[in-house]
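Right, one structure below, let's go through it.
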Amino acid sequence: MNDQTSEAPGMVTLAEMKEFAAFSSATQRYIRRSLDVALEREDAVKRWSRDVGEVASIRAQYRLYERLDALRELIPTSSDIDAAEPFMAPLITVSAFDLGQGRIDSFSAYRFLYERLLGADARPWLPGAFCAAATIPQLQPEQRKKLLQSITEAAATATGWSKRAPSFFPEWVEKVDAGKAN
């Protein structure tokens with residue numbers, strides 16, 4: 001195995017970690033919470049809820065994220081419009097929920113989360129789903145504007161997408177008391 005091959009996965013993971021670190025703390029928290037819900041890593045209600053509103057939000061997220069397994073199976077393998085409809089409609093619904101929570105504030109944060117929720121094969125469909133979900137009337141006009149302005153022309157008009165699976169899946173990290181770390 002040559003050095004380039006062995007370094008590439010580590011470099012990709014590092015780039016993903018840097019991208020995640022650039023998100024606001026609220027966005028990072030929501031992504032970790034969402035991955036706990038989707039991947040059933042933890043009891044998300046226990047770990048993430050700070051009040052009754054968050055309990056309700058996480059429970060709603062659990063119900064919506066039940067669709068993710070079916071969505072992964074529906075990812076179109078061609079650009080045939082008939083194959084897109086059964087995938088895009090539920091993807092937009094789940095995406096609208098996540099954007100409506102007010103913690104995913106850019107296309108890059110949305111893409112980061114949804115690449116992990118659905119896998120690399122969903123990448124070509126994410127700009128369209130994001131734009132559709134970002135225009136729902138339930139979002140405040142300023143939030144819609146901010147979301148839509150966050151998608152770059154390159155992301156919206158890409159001619160191809162990487163098939164590389166994401167490698168960094170952020171998780172909760174317990175705080176360590178520096179005085180007791182010795």
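Approximating the spin labels as points 7 Å out from Cα along Cα→Cβ, the residue 172-to-residue 56 distance works out to 2.3 nm. Simple point charges give the picture: +1 on the Cβ of Lys and Arg, -1 on the Cβ of Asp and Glu, and for the stretch 22-156 a dipole about the Cα centre of about 580 debye. When only Cα pairs below 8 angstrom with a gap of at least 6 residues are kept, the stretch 22-156 shows a relative contact order of 24 percent. Neighbour counts of C-beta atoms inside 10 Å place 50, 144, 72 in the sequence 50, 72, 144, starting with the fewest.
Gain on full extension, evaluated as 0.36 nm per residue between residue 148 and residue 163 minus their Cα-Cα distance, stands at 2.9 nm. Considering only 24, 126, 84, and ranking their Cα positions along the charge dipole of the stretch 22-156 that arises from unit charges at the beta-carbon of Lys, Arg, Asp and Glu, the one farthest toward the positive end is 24.
In the chain the longest region clear of GluC sites (Glu not before Pro) that are loop-assigned by DSSP and have at most 13 other C-beta atoms within 10 Å covers 67-170. Based on every Cα atom in the chain, Rg and the maximum pairwise Cα distance Dmax equal 17.4, 60 Å. Helices meeting the span-like rule in the chain (full DSSP H runs, Cα extent of at least 27 Å along the helix axis, mean Kyte-Doolittle score of -0.5 or higher): 3-22, 81-100. If you count Lys pairs in the chain whose Cα atoms are under 27 Å apart, skipping same-chain pairs closer than 8 places in sequence, the total is 6.
Each reported figure results from applying straightforward, stated rules to the coordinates on display, with no laboratory input. As the structure is a computational prediction, the values presented were derived from the model and not from experiment. Backbone-built Cβ (ideal geometry, glycine too); neighbour counts: all protein chains shown.
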